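Below is one structure, written out as structure tokens, with a few remarks after it.
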Amino acid sequence: MKFVRYLEIENPVWGWIYEDKVGKVDGDLFSKYRRLEVDTDTSKIQFLPPVKPSKIICFGRNFASHALEHEVEVPEIPLIFLKPPSSIIGNNDQIILPPQTNYVEHEAELAVVIGKKGRWIDPDEAENYIFGFTIANDVTARDLQSLDGQWTRAKGFDTFCPIGPVVETEFDPADALITCKVNNQVRQMASTRDMIFPIEKLMAFCSSIMTLEPGDVILTGTPAGVGVLHDGDIIEIEIEGLGVLKNSVKSFY
């Protein structure tokens, strides 16, 4: 089932999608809720980021091809970092290129949405803590990443985490194709089966460090083909079964 957030008379609401229509969700999506009648065409709503996480947990170099293109070693244990919730934007929102950087790149990724609170999650039980899946773009100021040596500034700017457009609860992450296009030219294409550390191990690892809360988001890594973004670019990330996350790029100046 596909869930969304959207604006209704300037108020954010939860919704669910059936075919090409959306209906409101009454209650807490991560607890008790009920689906109301689908009554509005999806073409008539303004999509919002589908989640409001307390934290965005990310994993670097989780595709060997991406480590290779940057001439760095594949990690022996998951390489974890955080993006601030303030970096989130939604489908069709603009990625802003900040003045502090001259080299911003896209990173197409599968994102996991946590459904219930968890700590020290056993890999065999990980799927019980997943609410659903969505698409994310781990936008990165590559020059600042190299300069700083740690990644908070490079990955933490406002608008550097496009996410959406929906959360799909029935998605199978075992072997889904991730494709990224910039101005209709393919830059990234790989399967989720190529991940070094599978989702259940990523969840076990990060939950051994911090408590996962409902609505938290885990970014699972990007394949090879990351590339620079320029003012005016249109970036589209598609994952089979999850739709297309589309964003435009605009310079700060």
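Things to note:
- Number of positions in region 178-202 that are more than 15 Å from the chain's Cα centre (by Cα) and outside any helix (DSSP H, G or I): 15
- Taking the criterion of being touching a residue at least 60 places away in the same chain (Cβ under 8 Å) and of a type outside the set (Asp, Glu), the residues of region 186-197 that qualify are ARG187, GLN188, ALA190, THR192, MET195, ILE196, PHE197.
- Here ILE178 clears all of (1) more than 24 Å from PRO85 (Cβ to Cβ); (2) touching a helix residue (DSSP H, G or I) at 6+ places or on another chain (Cβ under 8 Å) except the condition numbered (1).
- Scanning region 1-19 for residues that are acidic (Asp, Glu), within 21 Å of ASP93 (Cα to Cα) and in a loop (DSSP other than H, G, I, E, B) yields a total of 1.
- Screening the candidates VAL4, VAL72, VAL51, VAL13 for the property of being over 22 Å from the mean Cα position of the chain (by Cα) and either surrounded by 15 or more Cβ atoms within 10 Å (Cβ to Cβ) or without any contact (Cβ under 8 Å) to a residue 60 or more places away in the chain (or both) yields one hit, VAL72.
No value in this document is a laboratory result; all are computed from the given coordinates. In this text the structure is predicted, and so the values were computed from the model without any measurement. Heads up, the Cβs are rebuilt from the backbone with ideal geometry, glycines too, and the neighbour counts pull from every protein chain shown.
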